[in-house]
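Let me begin by presenting the structure, written as structure tokens, before commenting on it.
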Amino acid sequence: MSRYLTPRTQPTQCAACPVRQNALFQVVPLSYIEDAQSRRTDQYRLAARRVLYEEGSPAEMAFTLFQGWMLLYRSDAEGHRQGLRVALPGDFLGYMPPGSSHIHHAAVAVTDVVVCGFRQEGLHEMMTKHPDLATHITRIQARYMASCQNHMLGLGRKSAEQRIAYLVAELFHRLRYRRLIASDATTMPFPLTQEMVGDMTGLTPVHTNRVMRKLRSEGLLRVERTRLEIPDADALASLGGFVPEEPA
């Protein structure tokens, strides 16, 4: 595990988890929750900008994001990052199927975060014991893959404005779907730095800044520190080519 992880003094119990409706164990019986609680190694804090796991790390641990935002990415030979997706509370991180020896991407904390840790071996045992849980994990992983593919497609097919509009519209939709903001909200938390937005959209920080200013001048975004106001969510989604569906 990351040397930066610190166990919480009073960890939340799985049965009382406020993000369980969005997480791995959202649809399982209470007996599964008790099983999961017994297999959880602990609940940990991780400071912003710290890495939870590196690309190529041994596939020993998986995590549920309890609080905060994380950026999942891969790096090229020169160390340049390509963002894959932004993880929100309830997301499942670092899981690899049985037989996998290493994790194929890295995860860094965008904000201060709290994660729940599980040994991969224990999760594989639960999947053998509870086949419906295995089906649920497969469904989650398929949605995550589709989300990554949509972002990758945008890198080659969309303009800079469309890429950023898609990223913001997707995050806005996911936050509303998970009840992390109100259904009628027009503002959202946005702790991503311009560098991180660039990682997700394949743009330099300078180009990202220029595009964000352009979207602001067009009335599509209003930026205030770590929050964004979206006056017309439909117009933003239309520009980015984002079609709402069940979010990953």
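Out of the residues in segment 127-166 that are among the basic types (Lys, Arg) and part of a helix (DSSP H, G or I), state the one that is surrounded by the most Cβ atoms within 10 Å (Cβ to Cβ).
Looking only at segment 127-166, we keep the residues that are among the basic types (Lys, Arg), and these are 129, 139, 143, 157-158, 163.
Adding the requirement that they be part of a helix (DSSP H, G or I) leaves 129, 139, 143, 157, 163.
Details: LYS129: 11, ARG139: 12, ARG143: 14, ARG157: 10, ARG163: 24.
Residue satisfying both the conditions and the ranking: ARG163.
Pairing each residue of segment 156-182 that is touching a residue at least 24 places away in the same chain (Cβ under 8 Å) with any residue that is among the aromatic types (Phe, Trp, Tyr) and buried (at least 19 other Cβ atoms within 10 Å of the Cβ), provided the two are 6+ apart or on different chains, yields C-beta distances under 6 Å for TYR166/PHE242; ALA169/PHE242; GLU170/PHE242.
For the structure I just gave you, tell me whether ARG74 is touching a Ser or Thr at 6+ places or on another chain (Cβ under 7 Å) and closer than 23 Å to GLU195 by Cα.
Working: touching a Ser or Thr at 6+ places or on another chain (Cβ under 7 Å): no; closer than 23 Å to GLU195 by Cα: yes.
No.
Of all residues in segment 1-38, those satisfying the criterion of being at pLDDT below 75 and in contact with a Lys or Arg (Cβ under 7 Å, 6 or more places away or on another chain) are ASN22, GLN26. Within segment 76-95, being crowded, with 19+ Cβ neighbours inside 10 Å, in a loop (DSSP other than H, G, I, E, B) and not small (Gly, Ala, Ser) holds for LEU88, PRO89, ASP91, TYR95. Kindly list, by first and then second residue, each pair from a residue in segment 225-239 that is buried (at least 19 other Cβ atoms within 10 Å of the Cβ) to a residue that is among the hydroxyl-bearing types (Ser, Thr, Tyr), limited to pairs with Cβ atoms under 7 Å and residues at least 6 apart or on different chains. Partner pairs satisfying both residue conditions: LEU228/THR187; ILE230/THR186.
The values are calculated or read from the model by the stated rules, or taken from the named source; none is laboratory data. Everything numeric in this text was worked out from a predicted model, so none of it was measured. Here Cβ is always computed from backbone atoms with ideal geometry, including for glycine, and neighbour counts include all displayed protein chains.
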